[in-house]
Every structure is written in C-alpha cells, then in structure tokens.
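Each remark here refers to the structure printed beneath this line.
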Amino acid sequence: MAYTVTLEEENKEIANRYKDLLKGTYEVLTKEDKNLIRKAFEIAVDAHSDQRRKTGEPYIYHPIAVAKIVANEIGLGATSIAAALLHDVVEDTSYTIDDMEQMFGERIAKIVSGLTKISRLNKESNASIQAENFRKMLLTLHDDVRVILIKIADRLHNMQTMNAMPEQKQLKIASETLYIYAPLAHRLGLYNIKTELEDLGLKYTEPEVYNDILSKIKDSHEEREAYLEHFKNTLKVGLDKEKINYEIMGRFKSIFSIRSKMRKQNVTFDEVYDKFAIRIIYTPKKRDEKFEAWKIYSIVTDFFKPNPSRLRDWISQPKSTGYEALHITVIGPDGKWVEVQIRSDRMNEIAEKGYAAHVKYKQGAENESGLEDWLNRLKETLENQNSNAVDFVEDFKLNLYAKEIFVFTPLGDIKSLPKGASALDFAFSIHTDVGLKCRGAKVNGKLVPLSYELKSGDQVEVFTSSTNKPNSRWLDFVITARAKTKIKAALKEEEKKIAEEGKAILQRKLRHLKIGFNEKIVNELSTYLNLKTSFDLFYRIGNGAIDNKQLKSFATQRNSRILSFLKTKLRRGPSKEFVNKEEVTSKYDALVFGKEEEKLDFKFSKCCNPIAGDKVFGFLTINDGIKVHKVNCPNAISLQSNYAYRILKAKWIDSTKQDFKVILHISGVDHSGIVNNLTRIISNNMGVFIHSINIAGNEGVFDGKISLSVKNKAQLNRLINSIQKVEGVKKVERVNTL
C-alpha cells in the first residue's frame, strides 16, 4: 500500500509519538531528564529531516520507536532514551561524535559511539569477519551494557518493520537476529524481547512453518480462554481464603519454542503437551515474598496434582540473569499438563525488563547479581585472541542459551554452570590455573573422571598438580566457552614448544645429511611432505611423526634434482610463496568412532555426502556396516530419534597430532626408587601423559603395567628405549592398545 500523508499530518504524528514515548517511561522523569530527552529529540528530528524509511515514512519514526522500547520494555532511564533517539545520527548524518559530546556530555557520546561502531560492523558479509565483529561488539557489553540493550531495541524495531525490504535482506537480518541478538536478549533477562525476536526470526527464515503454527494457535484461542477461566475459578476459592492479592493470566508458548519442541521431539503441534502456561502474579504483604510464593504453590497443588520432577525453584537460587520464580507442572482441567509460574510483582518486573529492573531492586554491593561476574568473565574470554572467531561465537552462543545448573564448592559456595558442564568446566570456572593444572575431581565425596557431567546440587572438589598439562581430549567434554578458549590457548603454547624443539632437531639432522638449513630448504621439505607451513614441519619433527627415513628420501631426491638444475631452471615458473604462519594445517586423515576413538570400516552416506572435516556421526546399518552422515543431514533427526542405540559418535582427526592410549608391561629387578625413575623418564618425554601405574614388588622382582597416551609410534619406540635403560628394568613390551 502506497504511503500518502501530508507534511502537516506527519508533523502531528511525530509529536504524538514523542508524547506517547514520554507517557510510558519506566523511570520517573525529572525536569532535567525531560529537557535532555527533548533536546535529543529535536536534534534527531533535524538530523533525519530529509531521510525516509523503505516504507516511505519519515526516518524519525524509527529512533522514536527504539527509544520507546528502551523506555517501556527494557526500562532504562533518560540517558539511554536520549542515546536511543540519537543512535543513528552520527552514522547517517553530518553530526559527529565530538558534536554529541559537546551537546550531551561524554556518557551519551560514548553510547552513541558504541552504537555507531556496531552499525558499521554489521555491513560486512563474510562469515569469519562477521564473527570477529560480533566478538568486538560483545566487548561493548562490559564498557556499557546500555550499548547492547539499545542495539537489541534497534534490532527489535527493524525486525517489526521489515515487510518493505527485499527477501534476501530479510533473510540475512533474520538469520543474524536468531544467531546472536535473541541469545543476547535471553542472557540479559529480556525474555519478552527474546521471544519476539525469535518469533520474528522464524517468520522470515521459515515463513510456512511460522504461519502454520500461528494459525493453529489462533484456532485454539476460544478453547484456551475457556480453559484459563476454568483454572482461575478452581483456584479462586483457595487464594481468596488466604487473602492473597493476585492476578492470573495465561500465555501460549512462543511460536519459535513450539517449533523447537516439535523438531527436537519429532512430534506434531498437537503432540506438544505443554504449549500453554499459566502465570500467577501476586503482591506480597510486607516482607513475606518468598513465604507467599510457597503458600500459593501449596494451594495450587491442593487442587491440581504436580509432577515433582518438574519443580523449578528459581526463588531460593535465582538464575544468573536475575530471574526469579517458582515453576511447577500440574495436571490441570481435562487431564492436560500445564506449567504454572508463580512470581511476585517485583519478580515479574525483573522477568519482563531484565537487567534494568534487576539494577533497580539491587540492594547494596553484597547483593550484586551474577550478571556482573558474567560480564567480567565475558571480557576475559573475549580478549583472548587465541580462539578462532567463528568457533568462539558458536561456543559463546551455546553458553548464552544454556540451561543452568547450580553446584557447590567444598566450602558451600554456589557456582552457576550451563547444563551438561563437566567437572573440568567447574575447575575452569574457579580459576584458569585451577583448570589447566586439574588432575582429578571428587563429586559428593567420590572420585570421578574429569569428564563427569555435573548435576544440580553436586558438591565438587578438584585436585591440581603443578606438573599436570591439558591435552586435546579435554576439548571433547568441556562445554563452557571459557574452558575451551583456555585449553586451546594452552595446547597452542605446547605445540609451539614442540615446534621449537623440532626446529633444532631438524637443523641437526639436515647437517648430518650435508644439507643446509634455510628458508628455501624448509620450504622444499614442507612441499615434499605435503605440509602447508614451516610450523607444521617443525611440529611433526618435534613429536616424531616425521622420521629419518623420510628425511633421507628427501635428501636423495634433492641431490638428483640438483644434477638437472641448470636444465630445469629456465623452464621453472615463479616459486611458490613461502608461508611461515604459526598455525597448524587442518589435515584430517582419519575418522575414529566411539569414546575409545577406534578406527573402523565405514561408508559415506549418499544423502548428505560428508567430506573430511565435516561434523559427522556413524549409523550402524543392518546390512551395510557403518554409514557416516553429517550432523545436519536431512535424515539426522529421524535416525537419532528412532535409532539412538545405533548411533556412533565420530570425529575427524589429524593422526600426527592425536593422542593414542597404550599399555606397557614392565618387569625386572626391584630396588628402591624404581617407580620414581620410571615416572621421571616418562614425564621428560614431551606430550606423553600417564593415565595409571600399577607396579607390584615380590621378593626382589617387580612386575606391572603403565597406561599412557602417546602421539605416535615413533614417540612410543623412543620411550620404550629410554625405559629399557633404567637400572633394574629387564623387559618392556606393549601389550594392548586401548
């Protein structure tokens, strides 16, 4: 529909929208606040006077709408409302950040500057550049959370008014919203905005699915209202008898969450049993807020039978976003399961407005939210430059959305971790050094492996050793971004040490082969061995993956080539540019299966055609052995839902960098210190990890087994030779590979 409005009508509408903005502000505005907002409004109107939106409407409608979301839905004050009105002024007009600082002061200028930077970043399209930009954008969270809160409001209004945009642009903006903005809104406690962003994201990424679920929700409107009325009337007697001041309302789960459940559980719309939730919001008497929540819980469960496994007490232990409520699932009228959420006025305000409401109700520094701790941890993780930006954003996104568990330290302090976190994640949550030197853990007084998945209520104690080092297997069972980042950084450092040692070894070996050591030779050898960088070469020399036989073969070939050098020199094209980056090639040469990472026979499935490096899983067929599928294969959900017992975990490895478990059988003449000598020899071999030692002495002789992780067979052979030289050792043999 064409936009046809007179200038007079437009000016009247702008004035009305401005008045509407001021009416609904969450904070009580002082005269100074109103003057500040008015000044920002006038500058924004002037700056955007010649601009129009895609719909034909005046551009100023957009900043007013963003400011209204900031004021009403997020609940921020005058500074943020003014910054929201000005958020596009520097980006789109002749005004500068210096102008903003002179007119509005340093604080508003900084917020507008942060928003301008984000706006410019989002114009990039390359995935890795975009991920790096998100990393930089998230850094502004710590500098001033309001930058991100206003940006989320900006994104929400853009999503609400995307109809006039080309389809390709809609898809890009919607995908980006689901990728980062909705999870961020969730983490900052903006549940209403998070829900709307997800639903709008689905509307543009999967319109048919969105419209189908929406129509089914609309069709069930009358039935839902009747159900809510029945529920209210049943509880009314009990609640009124206790003189509780309350309001009962019902809400459908969001379209996005219904669709997620349908996909996850492989069910239809009608089979999603908890589509509907009922909220009881009460005004507590004086300071009996918690007591009244449990009183209401008692009344609800008097009338409706609860599912005890579905009780969620977020009042005794609020979520790290500040969210508080009691959640119970009961068998409601007509025998249907229904979730009941019990919240006070204060809890409801925090649930709706997140960060801003939480700050309003915070009483003193001792009551500080976990959000502040999270922001501090976030900055530390963001500033670590060792992680790949795309991997970082993927890990970070998981942590934004993860359900929480609460575990206890030995002293009884509570730690919040994402659901699925391991004992090692807990160690890293205490301190980076504790994580890196962690060698064991006790959960509820019992020793457990570092990969043990923690549950809410567990009490966890970790043990450290100054000689302990992280290994690549740790990355298979940690899920927090912090742990993954720190482990990858430590492994990179370890690789650098091995590469430095390898460089020195290569220099010596080439000297014995009468070959010099310079950039040209290193480049030739790397090309000969099909390696991309000099770092790859030095690393593989250092860990023993490249042996003397390969170096001698290179020397022989090189000598024969020198004989024909003069003939070929004229025909040779320009030499390949030498790459000397300190990065290891992603050289996937083997696929392994299961926890034990076994090499098994397999075939690639034709439905998704995986290639080396893809994220995959194995499926055990009845007649055709193991078939390998990509995790995002069209058939993956069906296979995993219906045949979970036939699914095999699978991953690609670079066998030259992989740890392998071996068991050595050692026997000989017993004497004092034999175990110390053996462990010293093993520990001195870089990259070798001891899993267990079981050695027993008997009347002058000893016999036992040592379980180890080694990089490759060459390293194992060197280790066996070293052990054989230990005084008293008579026999060393490999008896089994785990």
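The values are calculated or read from the model by the stated rules, or taken from the named source; none is laboratory data. A quick note: this is a predicted structure, and the numbers were derived from the prediction, not measured. Note that we place each Cβ from the backbone using ideal geometry, even for glycine, and neighbour counts take in every protein chain shown.
Could you go through the range 244-258 and let me know if any residue there is surrounded by fewer than 12 Cβ atoms within 10 Å (Cβ to Cβ) and either touching a helix residue (DSSP H, G or I) at 6+ places or on another chain (Cβ under 6 Å) or not in a strand (DSSP E or B) (or both). No, because not a single residue in the range 244-258 is surrounded by fewer than 12 Cβ atoms within 10 Å (Cβ to Cβ) and either touching a helix residue (DSSP H, G or I) at 6+ places or on another chain (Cβ under 6 Å) or not in a strand (DSSP E or B) (or both).
The conditions of being modelled with pLDDT under 85 and in contact with a helix residue (DSSP H, G or I) (Cβ under 9 Å, 6 or more places away or on another chain) are met by Gln265. Within the range 77-101, residues that are not assigned by TED's automatic domain parsing to the domain that holds Ile43 reach no partner that is surrounded by 24 or more Cβ atoms within 10 Å (Cβ to Cβ) and assigned to a loop (DSSP other than H, G, I, E, B) with beta carbons closer than 6 Å at six or more positions or on different chains.
Residues that are within 32 Å of the chain's Cα centre (by Cα) number at least 2 in the following helices (runs of 4 or more DSSP H) confined to the range 1-111: 61-68, 78-85. Residues in the range 445-475 that are more than 23 Å from the chain's Cα centre (by Cα), within 18 Å of Glu493 (Cβ to Cβ) and touching a residue at least 40 places away in the same chain (Cβ under 8 Å): 2 in all. As a summary of the residue check, Lys264 satisfies the conditions (1) within 30 Å of Pro634 (Cβ to Cβ); (2) touching a residue at least 40 places away in the same chain (Cβ under 8 Å); (3) among the basic types (Lys, Arg) except for the one numbered (2).
So, in the range 167-199, exactly how many residues are over 19 Å from Ile148 (Cα atoms) and either of a type outside the set (S, T, N, Q) or outside the structural domain of Arg146 (by TED's automatic domain parsing) (or both)? Even if it seems obvious, please write down each step before you answer.
Taking the range 167-199 as the starting set, the residues that turn out to be over 19 Å from Ile148 (Cα atoms) are 167-172, 199.
Adding the requirement that they be either of a type outside the set (S, T, N, Q) or outside the structural domain of Arg146 (by TED's automatic domain parsing) (or both) leaves 167, 169, 171-172, 199.
Of the residues in the range 167-199, 5 are over 19 Å from Ile148 (Cα atoms) and either of a type outside the set (S, T, N, Q) or outside the structural domain of Arg146 (by TED's automatic domain parsing) (or both).
Restricted to the range 282-319, and to residues there that are surrounded by fewer than 18 Cβ atoms within 10 Å (Cβ to Cβ) and among the small types (Gly, Ala, Ser), the residue that is farthest from Pro183 (Cα to Cα) is Ser298. Within the range 675-717, restricting attention to residues that are among the β-branched types (Val, Ile, Thr), within 42 Å of the chain's Cα centre (by Cα) and part of a strand (DSSP E or B), the residue that is nearest to Ser465 (Cα to Cα) is Ile690.
Does the range 331-350 hold any residues that are in a helix (DSSP H, G or I), closer than 30 Å to Arg287 by Cβ and touching a helix residue (DSSP H, G or I) at 6+ places or on another chain (Cβ under 7 Å), and which are they? Spell out how you get there, then give the answer.
First pass over the range 331-350, keeping only residues in a helix (DSSP H, G or I): 333-335, 345-350.
Going one step further and asking which of them are closer than 30 Å to Arg287 by Cβ, we end up with 345-350.
Arg346, Glu349, Ile350 - these are the residues of the range 331-350 that are in a helix (DSSP H, G or I), closer than 30 Å to Arg287 by Cβ and touching a helix residue (DSSP H, G or I) at 6+ places or on another chain (Cβ under 7 Å).
Listed by first and then second residue, the pairs linking a residue in the range 142-156 that is in a helix (DSSP H, G or I) and modelled with pLDDT of 90 or more to a residue that is surrounded by fewer than 24 Cβ atoms within 10 Å (Cβ to Cβ) and among the basic types (Lys, Arg), with Cβ atoms under 9 Å apart and 6 or more places separating them unless they lie on different chains, are Ala153/Lys68.
Residues in the range 467-475 include at least one that is assigned by TED's automatic domain parsing to the domain that holds Ile430, modelled with pLDDT of 85 or more and surrounded by fewer than 19 Cβ atoms within 10 Å (Cβ to Cβ).
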